[in-house]
Structures are given as structure tokens and as C-alpha cells.
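Chemist: One structure, as C-alpha cells, below. Some questions next.
The values are calculated or read from the model by the stated rules, or taken from the named source; none is laboratory data. These figures come from a predicted structure and were not determined experimentally. Don't worry about glycine lacking a Cβ; one is built from the backbone with ideal geometry, like all the others, and counts go over all protein chains shown. These area figures cover heavy atoms from the full protein model, side chains too; ligands, DNA and RNA do not enter into them. Shrake-Rupley method; radii C 1.70, N 1.55, O 1.52, S 1.80 Å.
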Amino acid sequence: MPEFIALHGRASSLVLEAVAGGAPLWRYWGPRLPEGAMPEAALAATRPLPTFALDKDVALSVFPLIGEGWFGQSALLAHRAGADWAQAVTQCEVSAAAGEVRIRIADEISGLSALVLLQLDPETDVLTASTELTNAGEGNLDVQWLAAATLPLPPDTRRMHFYNGRHQAEFGPQVQELTRSLWRRENRRGLTSHDAPPTGFAETEGGHVYAAHLAWSGNSVQQAEWLDDGRYLWQFGEWLAPGEVRLGPCETLRTPELIATFSAEGRNAAMQNFHAAIRKRMNWPGGNMRPRPVQINTWEGFYFNHDMAGMKALADEAARLGIERFVLDDGWFEGRNDDKAALGDWTPDRKKYPDGLGPLAAHVTGLGMEFGLWVEPEMINPDSALARAHPDWMLTGVGRPMLTGRNQMVLDLSKPGAAEYLYGTLSGLLESLPISYLKWDHNREIVAGAPRAVYRRQAQATYALMARLRAAFPDVEIEACAAGGGRIDAGILQYTHRFWTSDSLDAVQRIGMQREFLRVFPPEVMGSHIGTAPAHSTRRRQSLDFRAGVALAGHFGVELDPMKLDPKDKVRLAEWIAVHKSLRNRLHSGRVWLGEAGDGVVWQAHGEARDIVLLLYRVEPTAQRHMPLVRLPMLEDGAYTVTRLDSTRTNHTAPFIEAMRDGAIVSGAWLRESGLTMPTIAAETVAIFRIVVA
Ligand code: GLA
């Protein structure tokens with residue numbers, strides 16, 4: 001009897017087949033199998049050899065290699081000055097224990113070894129996979145590609161959902177049919193990117209979902225390829241530039257982790273698995289998340305126009321509104337009056353802050369708020385004292401013109417002294433000021449450096465810098481930002497606590513972006529602010545209630561000058577802040593469900609089957625005489641109290657709709673199978689309900 005290795009999650013299982021002297025074969029990844037349910041026989045015993053084929057069956061393994069007669073994508077592309085390029089497994093040891101399979105592979109002829117790690121968390125159903133390659137031979141090994149994992153997709157896989165986007169338009173959902181051509185996405189922008197983040201959702205004919213995300217903040221590849229047996233191979237890994245990875249003898253290359261999940265219950269369940277897994281991976285100060293403080297951020301309200309008196313007045317106003325954290329954005333440091341100069345010179349501007357930031361920080365904390373500061377450590381303006389002192393720290397090709405982006409260059413962290421300079425400067429700020437939060441930005445893409453590509457070293461140096469700062473200042477939270485959502489991934493989230501989702505605060509546009517954000521990341525790490533009307537990014541105008549209702553579910557904040565609001569809106573703003581505080585524990589725990597009710601209405605629910613907050617967004621005007629019903633699939637049988645929480649009033653109402661304001665009793669089974677009656681609301685309006693077991 002061949003040896004099979006099975007890992008079981010809550011609702012998914014995977015089965016591998018051990019092979020003498022080879023890497024284990026992928027036999028199964030899909031719905032949960034009962035313990036002991038194993039393949040009927042070894043794969044080779046179940047399928048005859050096709051005509052015109054190798055005389056040995058070469059099937060998809062966890063580490064398929066080009067030298068084994070494998071004609072699909074290899075897990076490894078590497079060579080030693082042209083030799084040792086066709087690797088094959090000569091030895092393999094598999095050990096399986098508590099939810100984990102470790103596969104040790106050697107190719108004694110090519111002189112390399114590898115460790116493939118697969119862990120399936122039974123609680124979350126999330127598979128974590130990574131690969132480590134060691135140069136066990138003589139001479140250097142040039143690595144062009146090393147898959148973090150090679151996964152199987154079943155033959156009825158039909159389409160891939162993925163993202164495209166740009167600054168101010170993150171998470172544009174895309175979907176493509178899988179065909180017999182190679183399907184491949186590459187990101188070569190040096191950071192996670194707005195346009196090709198490393199996330200995919202493969203969907204089968206029957207609605208099963210396979211979701212995967214590479215926890216990495218650099219270049220990436222994902223590809224899906226049809227195989228001879230009708231399945232697809234699905235790989236993720238780093239995109240490596242020519243010559244970027246050259247392993248000396250005994251050196252090791254470790255891939256980023258891939259997190260992946262299977263769900264037989266569609267995309268909501270896959271999302272919930274990711275949320276649970278990401279929550280387990282989070283590294284909060286003190287070990288646990290505390291309620292997310294409501295923030296004010298100075299950027300869109302003030303841009304570079306800082307002065308001490310104005311910022312103190314803003315802090316006073318923010319505290320009155322109930323805001324809990326004051327984040328001083330770009331514009332605070334020496335010579336930073338526009339986006340043309342000063343990145344790198346991280347000392348307070350003497351004209352704007354004659355006595356430094358100490359008095360402002362003391363004022364903010366004196367009001368009972370936390371003080372946060374914006375920095376963009378990995379950047380340098382050619383017009384800065386830092387660039388004048390260290391012109392060679394600007395990442396550029398030898399003899400090539402400087403390719404600036406937003407007038408700035410990337411600070412080459414591989415240059416001796418550069419990372420140390422940043423640590424010294426940032427730790428100096430954190431030591432001398434009561435800063436409990438850094439907004440860590442990265443406002444341009446990385447282009448080729450010299451003489452060798454530095455992409456992955458740069459991402460690793462950033463992680464190392466963040467880790468060092470977190471160790472020295474464990475109470476400081478960090479927000480990851482890259483011109484909005486250019487660096488949203490589970491890699492950087494090991495060191496950070498919030499993402500700045502997008503520089504677009506247009507609430508209509510935000511609905512779509514935030515829904516897609518949530519498909520991988522939980523709402524408490526989704527930075528969502530109430531911006532101005534009109535929105536700076538689109539010039540579209542939306543009511544304060546709508547803007548607030550859209551921002552409500554994430555890590556909530558305000559990004560406008562409240563002193564410029566009309567008195568009515570200012571009162572409403574304070575009310576919304578209070579509403580958020582009263583709901584945030586529910587919004588930021590349990591599960592999230594996303595749905596569409598039709599007729600221009602989308603909804604999301606946060607919580608548990610017995611207690612949810614339901615947000616209904618009417619995005620488009622209605623085209624129906626009567627409103628659609630909203631079916632809530634998570635509810636159980638039995639009675640629920642449905643309470644409407646928003647205060648939108650309209651003349652088009654009915655007695656039961658009004659009764660819901662005081663809490664109406666409705667059967668859960670009815671709400672689940674028939675649906676909730678929704679109020680008649682205009683386009684760009686939100687309705688909010690709390691639905692709790694009665
Ligand atoms: C980026 C960020 C913004 C803001 C500016 C400051 O665009 O996404 O939120 O911090 O930089 O320059």
C-alpha cells in the first residue's frame with residue numbers, strides 16, 4: 001500500500017502521496033474528507049500511460065522539477081554557470097506531524113537541497129506554505145525562480161478573480177476564464193503594488209473557491225497552468241530580476257509564505273478563513289488588539305500647511321469631537337513645503353515648529369489623545385541635506401539618469417550606513433517624543449538599482465528595520481501606506497497594524513475598494529476615513545452621513561478640517577464618531593459577510609450568526625417600485641430583534657419600517673430565506689441595522 005499523507009482542516013483536507021525517491025504527489029485539495037478516506041491506490045496504478053509519453057508517469061508533485069521529465073512549470077529555475085539547470089529529486093524525506101508536512105528534498109547531482117513546508121491550520125482552514133532552497137554544491141547557484149508553493153486546482157476550475165488598480169483606484173476586481181494558455185500575473189514594481197497585488201481566487205464550476213495570497217511586499221508572480229490530467233497547477237513566488245539571487249555554497253533562499261484556503265461555501269467563507277488566520281498572525285502591542293482608536297489625519301485638510309497654532313487648534317477640535325488619535329501627516333519636517341524636497345531630513349521644521357514637535361505632542365496627549373507621526377523612511381529627495389551628504393544612497397543605475405518619482409528617489413538600504421541612519425533617526429524621534437503611532441509611507445515604485453538588483457534586499461531591509469523598531473518600541477503601532485494601498489499584504493502586516501487603503505476618499509469608489517480589501521484582510525486593519533466633499537480625488541460630492549457610513553466598518557478616522565464644517569455637519573460628525581465607538585467591538589470581531597441585494601444595493605454584515613451589524617449601501621438609484629429584500633444567510637432559526645440605527649428619514653416609509661427604529665421582532669429563518677424589508681433610501685445613502693437574537 002503506498003503511503004498517503006493527509007492534513008485535515010475544519011472544512012478542507014489535502015492528501016499527498018509519498019513516492020520513493022521523489023517529491024510527494026498532489027492527490028487532493030478540497031472539501032474535508034473523513035479521517036482515513038484515502039485514494040484507492042497509488043496514482044500510477046490508477047492511470048495508464050498515454051501514447052507518445054515518457055515511459056514513467058510524471059504527475060504533479062509539491063516540488064515539480066524540470067529535470068524529471070516534468071513539462072509544466074517548474075518549482076525551480078536555477079543554474080550554475082549554465083550547468084546543473086535540470087534538477088531532479090534524488091532523495092526525499094517526508095515528516096508529518098500535527099497539521100504540518102515537512103518535505104526535505106535533495107538533488108545530489110545538482111548539489112542542492114530544499115525544504116517544502118505545508119501547514120494546514122485546523123481552526124482557520126488556512127494553509128501556510130513556503131520553500132527553502134540551499135546551495136549544497138560547489139560554486140554559485142543563480143536562481144531565477146523558486147515557487148513558494150505549487151498547488152493543485154481541480155479540473156472543473158473555471159475562472160480566476162484577481163486585482164488590477166492604480167493610485168486612488170485600488171482593488172479593481174478582474175475575472176478571467178482559465179484556458180489552456182498559461183495564466184500569469186507579474187508585479188515588477190518593487191513593492192506589493194496597486195496594479196498586481198499577489199492575490200487570486202480560483203472558482204470552480206460548482207462554486208468552490210480556492211484563495212491564495214503571497215505574504216510579501218516586493219515583486220511577485222502568480223501563475224495557473226493547465227496540466228495533462230485536466231487539473232491546473234497554481235504557483236506563487238517572488239519575481240526575481242536577472243542575477244538578483246546568487247546563492248554561494250551553503251547559502252539559503254527562503255521564499256515568502258503563501259497563505260491559501262479552500263471553501264466549499266463560496267467567497268464569503270474563504271474571506272472568513274483569511275480573517276481568522278490573519279488575526280492569529282497579528283503582532284499587536286501587548287499581544288491583543290485594543291479597540292481601534294478613532295483618528296484624525298492632517299493630510300487632506302492641511303497638506304503641507306502646518307503651523308503650531310493651527311495644529312493645536314485642530315487637536316482641540318478633534319478632542320471635542322471624540323477623536324482618540326492625532327496623526328500629523330506629511331509637511332512637518334525641515335524644508336517640506338511641497339513634495340519636491342526634504343525627504344530624508346527627519347527633523348521638525350523650525351519655521352512651522354520653532355520649539356520642535358514636543359509642544360504639539362504634549363498638547364495632543366494632554367487632551368487625552370495619542371500622538372502619531374507620518375514618515376517615509378525608505379525615500380530621499382535629491383533636494384535634501386541627506387542626499388547632499390550621501391548622494392550615493394540614492395538608488396540608481398550606474399551611469400544612468402536618475403528616474404525620480406514624485407520628485408523622489410529610493411534610499412538604497414543596502415548601502416552601508418543607510419539603514420543605521422534610519423534606525424537612529426526614527427528611534428531618536430520615538431525616544432524624544434510621546435509618539436505611539438507611525439504612518440509609514442512609500443510613495444514611489446522601485447526601479448533597477450546598481451550594480452545588481454536590490455528589490456528583495458530592499459523589502460527585507462524594510463522588514464528588518466520595522467522589526468528592530470518594534471522590538472525597541474513595542475508599544476508603537478505602525479500604519480503601512482504606499483501612496484494609499486500600494487503595499488497591502490500579509491508580509492508587512494507582521495510588523496504593522498493598519499493599512500491606508502487608498503488615497504481616494506470618494507465614498508462611492510471606496511465601497512468597491514473596501515469590499516475587495518476585506519476579501520483577505522479583516523476590517524480592523526482597514527484604514528477608512530471621512531474625507532471632504534467634494535472628494536479631492538474625484539471631485540464628486542457625497543453627504544457627510546454617506547461618507548461616515550462607508551468609513552464606519554474599518555479602522556475609522558477623519559481626514560478633513562473640522563473647523564471648516566458647517567455647524568450641522570460638525571454635530572453629525574461627533575454623532576458618527578460616537579456610533580462607531582459603540583459598534584467597533586462588533587464590527588472588528590467575528591466574521592464578515594458581503595452580499596448584493598440587487599437594484600443597486602450592496603450590503604455587508606459583521607459579527608456572529610446571533611448578533612450582526614448590517615450595513616446596507618444604496619450605491620445606485622432604484623429602478624424598482626418596491627425595494628428588494630435582503631437575504632441574510634448567516635442567521636439561525638428563532639426570533640431576532642432588528643433595530644435600525646441610522647437616522648436617515650424619508651417620506652416614503654411604512655409602519656413596519658418605522659417600527660424597526662425601536663426594535664422589531666422577526667424570525668431568523670424568514671430573514672435568511674425570504675429577506676429583510678429594506679427602507680426606501682436614495683442613492684448614496686446607508687442604512688444600518690443591529691440584528692440580535694431576541
Ligand atoms: C501618500 C499617502 C497620503 C499622504 C501623502 C503625504 O500619498 O497615501 O495619505 O500621507 O502621501 O505626502
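Chemist: What are the ³J(HN,Hα) couplings of region 91-104, residue after residue, when phi is run through the Karplus curve with 6.51, -1.76, 1.60 and θ = phi - 60°? Round to Hz, x for glycine and proline.
Modeler: 9, 8, 10, 10, 10, 10, 7, 4, x, 9, 10, 10, 10, 9
Chemist: Turning to a different aspect of this structure: Provide the gained length on full extension for the span ARG281 to ARG610, in nm with one decimal, where the gain is 0.36 nm per separating residue minus the Cα-Cα distance. Walk me through the numbers on the way to the answer.
Modeler: Details: separation 329, 0.36 × 329 = 118.44 nm, distance 2.62 nm.
Net length gain for the segment: 115.8 nm.
Chemist: Also, quick follow-up: Can you compute the FRET efficiency between ASP156 and GLU575 using 1/(1 + (r/R0)^6), with r the Cβ-Cβ distance and R0 = 51 Å? Round to the nearest 0.05.
Modeler: Efficiency at R0 = 51 Å is approximately 0.55.
Chemist: If you don't mind, there's one more thing I want to ask. So which of LYS439/LYS570; LYS312/LYS439; LYS352/LYS564 end up more than 23 Å apart by C-alpha?
Modeler: Pairs exceeding 23 Å: LYS439/LYS570.
Chemist: Residues with beta-carbon under 14 Å from that of ALA482, excluding ALA482: net charge, scoring Lys, Arg +1 and Asp, Glu -1?
Modeler: Working: positive: ARG166, ARG189, ARG406, LYS439, ARG444, ARG487, ARG498; negative: GLU170, ASP195, ASP330, GLU376, GLU378, ASP441, GLU445, GLU479, ASP489, ASP503.
Residues near ALA482 contribute -3 overall.
Chemist: Under the rule of at least 5 residues apart or a separate chain, name every residue whose amide H is placed under 5 Å from the amide H of GLY137.
Modeler: Excluding prolines and chain starts, which carry no amide H, the hits are CYS250.
Chemist: For the chain, give the percent of accessible area contributed by carbon and sulfur heavy atoms, probe 1.4 Å, rounded to a whole number.
Modeler: Accessible surface attributable to carbon and sulfur in the chain totals 52 percent.
Chemist: Which percentage, to the nearest 5, of the DSSP beta bridges contained in the chain is antiparallel? Mind showing how you got there, number by number?
Modeler: Numbers: 131 of 158 bridges.
Around 85 percent antiparallel, to the nearest 5.
Chemist: Specify the inter-centroid distance of region 388-436 and region 552-620, based on alpha-carbon positions, in whole Å.
Modeler: Cα centroid of region 388-436 versus Cα centroid of region 552-620: 39 Å apart.
Chemist: Here's a follow-up. Within a Cβ distance under 14 Å of MET308, other residues only, what is the Lys/Arg minus Asp/Glu net charge?
Modeler: Here the charged neighbours net out to 0.
Chemist: Now for a different question. To the nearest 20 debye, what charge dipole does region 44-177 have about its Cα centre, counting +1 at the Cβ of each Lys and Arg and -1 at the Cβ of each Asp and Glu?
Modeler: It comes to approximately 340 debye.
Chemist: At a 10 angstrom cut-off on C-beta neighbours, averaged per residue, how do the peptides 507-516, 680-689 rank from highest to lowest?
Modeler: With the highest mean Cβ count within 10 Å placed first, the list reads 507-516, 680-689.
Chemist: Per residue Cα convex hull volume for region 560-694, in cubic angstrom? Provide the component values of the computation, followed by the final result.
Modeler: Details: hull volume 16.4 nm³, N = 135.
Output value, Cα hull per residue: 121 Å³.
Chemist: Per residue, what accessible area does region 25-167 have, given a 1.4 Å probe and all protein chains present, in Å²?
Modeler: With the other protein chains kept in place, region 25-167 gives 45 Å² per residue.
Chemist: Keeping every protein chain present and rolling a 1.4 Å probe, give me the accessible area per residue for region 436-508 in Å².
Modeler: With the other protein chains kept in place, region 436-508 gives 25 Å² per residue.
Chemist: Still on this structure: Give me the tail of P(r) for region 645-694 as a percent: Cα-Cα pairs with distance above 18 Å. Mind showing how you got there, number by number?
Modeler: Numbers: 384 of 1225 pairs.
Tail fraction, whole percent: 31.
Chemist: Follow-up question, since we're still on this one. Could you order the peptides 81-88, 525-532 from most to least packed, using the average number of other C-beta atoms within 10 Å per residue?
Modeler: Descending mean neighbour count gives 525-532, 81-88.
Chemist: Could you derive backbone 3J(HN,Hα) for region 287-298 from the dihedral phi with the Karplus parameters 6.51, -1.76 and 1.60 (θ = phi - 60°), listing whole Hz in sequence and x where the residue is Gly or Pro?
Modeler: Those phi angles translate into x, 10, 6, 9, x, 5, x, 5, 10, 10, 10, 7 Hz.
Chemist: Could you tell me which residue out of ALA659, LEU422, SER220 lies farthest along the dipole of the chain toward its positive end? Charges go on the beta carbon: Lys and Arg +1, Asp and Glu -1, centred on the Cα centre.
Modeler: ALA659
Chemist: For the chain, what does the alpha-carbon gyration tensor say about shape, rounded, prolate or oblate, given a ≥ b ≥ c as the root eigenvalues, a/c under 1.5 as rounded, and a/b over b/c as prolate? List each step's numbers first, then the result.
Modeler: On the way: a/c = 2.26, a/b = 1.21, b/c = 1.87.
Here the chain falls in the oblate category.
Chemist: Another one. Once you charge only the Cβ atoms, +1 for Lys and Arg and -1 for Asp and Glu, what is the size of the charge dipole of the chain about its Cα centre, to the nearest 20 debye?
Modeler: 1360
Chemist: Once you have the Cα-Cα distance between THR643 and GLU317, take 0.36 nm times their residue separation minus that, and quote the gain in nm to one decimal.
Modeler: 114.2 nm is the gain from fully extending THR643 to GLU317.
Chemist: Under 1.5 on a/c is rounded, so check that first for region 206-291, then, if it is not, pick prolate when a/b is larger than b/c and oblate when it is not; a ≥ b ≥ c are the square roots of the alpha carbon gyration tensor eigenvalues.
Modeler: oblate
Chemist: Also, I was wondering about something else. So how much accessible area does ARG246 have, in Å² to the nearest 10, using a 1.4 Å probe?
Modeler: 120
Chemist: If you count, for each residue, the other Cβ atoms within 10 Å and average over each peptide, how do 542-553, 30-41 line up from highest to lowest? Walk me through the numbers on the way to the answer.
Modeler: Numbers: 542-553: 24.2, 30-41: 12.2.
The densest-packed peptide leads the list: 542-553, 30-41.
Chemist: Also: Rounded, prolate or oblate, given the Cα gyration tensor of region 26-135, with a/c below 1.5 counting as rounded?
Modeler: Note, shape of region 26-135 comes out oblate.
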